[in-house]
Amino acid sequence: MSDKYDVIVIGAGPGGMTAALYASRANLKVAMLDRGVYGGQMNNTAEIENYPGFKSILGPDLAEEMFQSSTQFGAEFVYGNVEDLTVDDNGIKHVKTDDGELEAPVVIIATGSQYRKLGVPGEEKYSGRGVSYCAVCDGAFYRDKPVVVIGGGDSAVEEGMYLAKLTSSVNVVHRRDELRAQKILQDRAFANDKMHFTWDTIVTEIVGDDKKVTGVKTHNKKTGEDGEIEANGVFIYVGLVPMSEPFQKLGITDDKGWIVTDDHMATSVPGIFAIGDVRSKFLRQITTAVGDAGIAGQEAFAYIESLKDKK
């Protein structure tokens, strides 16, 4: 037996929660499905300074505020890991999870993205033993110890600044000769005495003593010089990978796995929308996910109304 809804929102990050709010406020029966705790990557973010209405707010606190808002009109939060999404001849979408099946005429995909692996020797071996992708989760383990941050974007610099509050030093290793992060974040990082930068350099291996990380091996792309940086922790921020695997056979993704939509958040499959970080777009932020979601929530209502007109 399937649980029947008007709208199934897959993912309960900021986009998913906002879409559930809009759709349920339109008096639709909504399931908000996630395999983990609501909030998504906000739960791994120390401080959020660029969400309107808050000068600064902890990520988990904003997640809780959003969740309470998203469920106030009856949206149901459902635990489950999505294994497959199919569409039958009547246009009904069937979402298969590890705990059963849900169906609805509309699905809004809000599964987000995850951090890309570096793909060097030692990364898998020392995962959880010095290798991390979340400073908020693991930073406290490296109090008063040196760490390395790999990357040069917003996440690398923001997480590096957070780590600087806890650790003895933060060495940001970046393959280019300048950061890609927002200027305000760069200015803060350069002004912090604990932040250091190794330019034009890639990490070729993460090394350790078989129990924990002791450092990284490096290669300077301009000089050709190899080196090694001592560190007890390595935090990796080298881009994102879309969490779109269950949906790729529908033909709604590009060659890198990002879901392609129009300005109405609609995919090429009628009744399937995509929002937030899983979508092919220029900027991936909480505010852009929320904006996508408002549109998708309204479009979900319009789509269901159009089905009524056809009867």
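The values are calculated or read from the model by the stated rules, or taken from the named source; none is laboratory data. Bear in mind the structure is a predicted one, so any value in this text is a computation, not a measurement. Note that we place each Cβ from the backbone using ideal geometry, even for glycine, and neighbour counts take in every protein chain shown. We work out accessible area using only protein heavy atoms, side chains counted, and drop any ligands, DNA or RNA first. Shrake-Rupley method; radii C 1.70, N 1.55, O 1.52, S 1.80 Å.
Below is a table of values for the structure above.
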read-out: Alpha-carbon Rg/Rh ratio, for region 118-158, with Rh computed the Kirkwood way; value: 0.95
read-out: Hz values of 3J(HN,Hα) by residue in region 192-208 - Karplus curve (6.51, -1.76, 1.60), Gly and Pro given as x; value: 8, 5, 7, 8, 10, 10, 10, 8, 6, 10, 10, 8, 9, 6, 9, 10, x
read-out: Low-density loop positions, trypsin sites (Lys or Arg not before Pro), region 171-269 - DSSP coil, at most 14 other Cβ in 10 Å; value: R176, R180, K211, K212, K221, K222, K256
read-out: Degrees between helix 286-310 axis and first principal axis of the chain (Cα, 0 to 90, nearest 10); value: 20
read-out: All lysines inside 18 Å of K194 as judged from Cα atoms, apart from same-chain residues fewer than 8 positions distant; value: K145, K165
read-out: Those aspartates and glutamates that a straight Cα-Cα span of less than 19 Å connects to K211, excepting residues fewer than 8 apart in one chain; value: E123, E124, D138, E228, E230
read-out: Whole-number accessible area per residue in Å² for region 102-199, which is evaluated in the context of all protein chains at 1.4 Å; value: 46
read-out: Rg to Rh, two decimals, where region 150-256 supplies the alpha carbon set and Rh follows Kirkwood; value: 1.06
read-out: Degrees separating the helix 14-25 axis from the principal Cα axis of the chain, which is the longest one; value: 20
read-out: Accessible area of I48 in the full protein assembly, 1.4 Å probe (Å², nearest 10); value: 10
read-out: Region 266-272 - phi-based ³J(HN,Hα) in whole Hz, Karplus 6.51/-1.76/1.60, Gly and Pro as x; value: 7, 8, 6, 9, x, x, 10
read-out: P(r) of region 208-311 over all Cα-Cα pairs, binned every 5 Å from zero, in whole percent; value: 2, 10, 15, 14, 12, 8, 9, 9, 7, 6, 3, 2, 2, 1, 0
read-out: Estimated D of region 204-259 in µm² per second, where Rh is the Kirkwood radius over Cα pairs and Stokes-Einstein applies at 25 °C, 0.890 mPa s; value: 170
read-out: Total lysine pairs whose alpha carbons fall under 16 Å of each other in region 1-126 (8 or more apart, or interchain); value: 5
read-out: Pairwise FRET efficiency - K125 versus N192, Cβ, R0 = 30 Å, nearest 0.05; value: 0.45
read-out: Rounded D (µm²/s) - the chain, Kirkwood Rh over Cα pairs, Stokes-Einstein at 20 °C, 1.002 mPa s; value: 103
read-out: Cleavage-rule hits (chymotrypsin sites (Phe, Trp or Tyr not before Pro)) in region 213-297: DSSP loop, at most 11 neighbouring Cβ within 10 angstrom; value: F282
read-out: Low-density loop positions, chymotrypsin sites (Phe, Trp or Tyr not before Pro), region 1-94 - DSSP coil, at most 14 other Cβ in 10 Å; value: F54
read-out: Acute angle (nearest 10 degrees) that the helix 154-164 long axis makes with the longest principal axis of the chain, alpha-carbon atoms; value: 50
read-out: Whole-percent pair-distance distribution, where bins are 10 Å wide, for the alpha carbons of region 27-173; value: 9, 29, 29, 21, 10, 1, 0
read-out: Computed accessible area, H94, all protein chains, 1.4 angstrom probe, square angstrom; value: 40
read-out: Radius, Kirkwood style, for region 63-149 when every pair of distinct Cα atoms is counted (Å); value: 17.3
